Amino acid sequence: RFLCPRPVFARWAEGREALRMETFYRAMRRRTGLLMEGRDPVGGRWNFDHDNRRRLPAGHAVPDRLRFPPDATTEAVMGLVARRFPDHFGDLDGFAWPVTRAEALEALRHFLDVCLPEFGDYQDAMRAGTPFLYHGLIAPALNLGLLDAEEVCRAAEARWRDGSAPLNAVEGFIRQILGWREYVRGVYWTRMPDYPETNALGATRDLPWFYWSGETRMACLAECVRDTRAHAHAHHIQRLMVLGNFALLAGLAPAQVEEWFLVVYADAYEWVELPNVHGMALFADGGLLGSKPYAASGAYIDRMSDYCGACAYDVKKKAGPKACPFNYLYWNFLIAHEDTLSGNPRMAMPYRTLGRMSAARRGEIAADSTRFLASLDPSEGQPGGERAVDARAPDLFLVGVAR
């Protein structure tokens, strides 16, 4: 199921204080020969990520995705779940994931034929009511073993070589498998069991209830939770830059956030979920995995989505009750962790901006953040605010099973 044996990753990681995916990815390109011309990358560049950040144009029609009606075995399991766990998070209606090798291959072919050519341009885009866009939707099948990692990468590479998909799309897709998937598995097995115990930013706030209910006035978070509940799926930017970004800025306890991500997604196994959330989304490992926190204000979400137009908050406002909470929480996060993060070269620009802020503006940021964070109630059913609950609730039986 993997292209990098665990001993190979362990030798690569030995002696390194920081484990950078880009360095590992280049080594894996050379090891496998994928998208290589001799010792050099095809197209003269290792990474085309800069070309893959386009917002989906208004009115752009995305393709219908191939979905699979449940077979008899799946229907039997769905019936069991409906009887035993009727109040648990997630919807049974509309289940359509591939559950056999034949279905998984059909899903892969559909992605390569219909979606891969546009995948690169729009892989970071988000649109309300359009959960799948051009994404592969093969991660559950890949992690189950219904698809093989190498066959998927070779099939994508072949689409570039025969001219049916552009290089930026194919490289971006292969990087997610040959790069990130192999990399986070390696980090997991070389750093466990102590890895999840780190909490570099001292985050302790309970997971808000809206991660389960979707009941929040923040349109981006409500949309991502709805997609997650309906499909056990959200794509990587929804997970990282909306759900994960909020958790980072709000200082949510890493263990609670990680359990939520482990429970709710069809492709979530601890070896892939834990490093992605603990290291990349929450920076809880202090920079072992990521060179900087993936923190962003509402401007990023507005640039990459249409969520903000339907939001109760104003993404253009920086302060006050109507301002997008991401705006003041972003600066509050930088202020709170100034001693830890201001020396990071990749954080130099925002900290220069912060350095020019007046004491009055800093006070305004602190007041808005305190007011909003106080509204994240600690339990389900509390009136007012954006309700919250402990993610370790005993009825979340899947946590114990998955771990």
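The values are calculated or read from the model by the stated rules, or taken from the named source; none is laboratory data. Treat the numbers as computed from the prediction; the structure is a model and nothing was measured. Note that each Cβ is placed from the backbone with ideal geometry, even for glycine, and that neighbours are counted across all protein chains shown. Quick note on the areas: whole protein, heavy atoms, side chains included, nothing else; ligands and nucleic acids left out. Shrake-Rupley method; radii C 1.70, N 1.55, O 1.52, S 1.80 Å.
Quick one: P(r) of the chain from all Cα-Cα pairs, 10 Å bins, percents rounded to integers, in order of increasing distance. With a bin width of 10 Å, the distribution comes to 4, 21, 32, 28, 12, 2, 0.
In what sequence, largest accessible area first, do 357, 241 appear using a 1.4 Å probe?
Working: 357 40, 241 15 Å².
Highest to lowest solvent-accessible surface, that is 357, 241.
Seen from residue 79, the other residues with C-beta closer than 14 Å to its C-beta sum to a net charge of -1, counting Lys and Arg as +1 and Asp and Glu as -1. In the neighborhood of residue 362, defined by Cβ-to-Cβ distances under 13 Å, what is the net charge if each Lys or Arg adds +1 and each Asp or Glu adds -1? Summing Lys and Arg as +1 and Asp and Glu as -1 gives 0.
With +1 on each Lys and Arg Cβ and -1 on each Asp and Glu Cβ, how big is the dipole of region 194-264 about its Cα centre, in debye rounded to the nearest 20?
300
From largest to smallest, the equivalent ellipsoid semi-axes obtained for region 29-118 from the alpha-carbon gyration tensor read 38, 19, 14 Å. For region 294-342, the relative contact order is 32 percent, taking Cα pairs closer than 8 Å that sit 6 or more residues apart in sequence and dividing their mean separation by the residue count.
Under 14 Å between alpha carbons, and skipping anything fewer than 8 positions from residue 322 in its own chain: which aspartates and glutamates qualify? Cα-Cα hits under 14 Å: 314, 364, 368.
Any idea what % of Cα-Cα pairs in region 252-363 are farther than 23 Å? Mind dumping the intermediate values first?
Numbers: 2643 of 6216 pairs.
Taking all Cα-Cα pairs of region 252-363, the fraction more than 23 Å apart is 43 percent.
Overall, the chain carries a charge dipole of about 1160 debye about its Cα centre when +1 sits on the Cβ of Lys and Arg and -1 on the Cβ of Asp and Glu, all other atoms neutral. With the radius of gyration and the Kirkwood radius both derived from the Cα set of region 60-178, what is their ratio Rg to Rh? A ratio of 1.02. Average projection, convex hull of the Cα set of region 176-286: 6.4 square nanometres.
For region 327-339, putting each phi into the Karplus relation 6.51 cos²θ - 1.76 cosθ + 1.60 with θ = phi - 60° gives couplings of 5, 7, 5, 4, 6, 4, 4, 5, 5, 4, 10, 4, 5 Hz, in residue order, rounded to whole numbers and with x for Gly and Pro.
Amide H to amide H distances under 5 Å link residue 323 with 314, where only residues 5 or more positions off or on other chains count and H is placed in the peptide plane.
Remark: region 209-215, residue by residue, has Karplus-estimated 3J(HN,Hα) of 4, 5, 5, 9, 8, x, 8 Hz, where x stands for each Gly or Pro and the curve is 6.51 cos²θ - 1.76 cosθ + 1.60 at θ = phi - 60°.
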